[in-house]
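The values are calculated or read from the model by the stated rules, or taken from the named source; none is laboratory data. On a predicted model such as this, the values are computed, not experimentally measured, just so you know. Here the Cβ is made from the backbone with ideal geometry for all residues, glycine too, and neighbour counts use every protein chain on show.
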């Protein structure tokens with residue numbers, strides 16, 4: 001656990017989330033497309049879901065690093 005501005009920052013948790021949640025989402029998306037017989041059309045949709053997931057995790061990390069309460073709310077809303 002790292003410390004940033006006096007607060008504990010669970011950096012390993014964010015790294016773990018950025019690896020595991022895209023894998024879980026990829027499995028769900030592939031399952032849904034397979035069930036509907038559209039396995040060949042998954043590329044763009046899968047990419048956008050994974051990119052948005054990682055973006056959400058990164059904005060959560062920025063939120064935890066923010067020092068000002070207003071900045072925390074802004075990043076919370078963005079994520």
Within region 63-79, restricting to residues that are assigned to a helix (DSSP H, G or I) and free of Cβ contacts under 8 Å to residues at least 12 places away in the same chain, the one that is nearest to residue 9 (Cα to Cα) is 72
In this structure, does residue 55 turn out to be in contact with a helix residue (DSSP H, G or I) (Cβ under 8 Å, 6 or more places away or on another chain), modelled with pLDDT of 85 or more and assigned to a helix (DSSP H, G or I)? no
Consider residue 28 carefully, then state whether it is more than 21 Å from residue 10 (Cα to Cα), assigned to a helix (DSSP H, G or I) and at pLDDT 90 or above.
yes
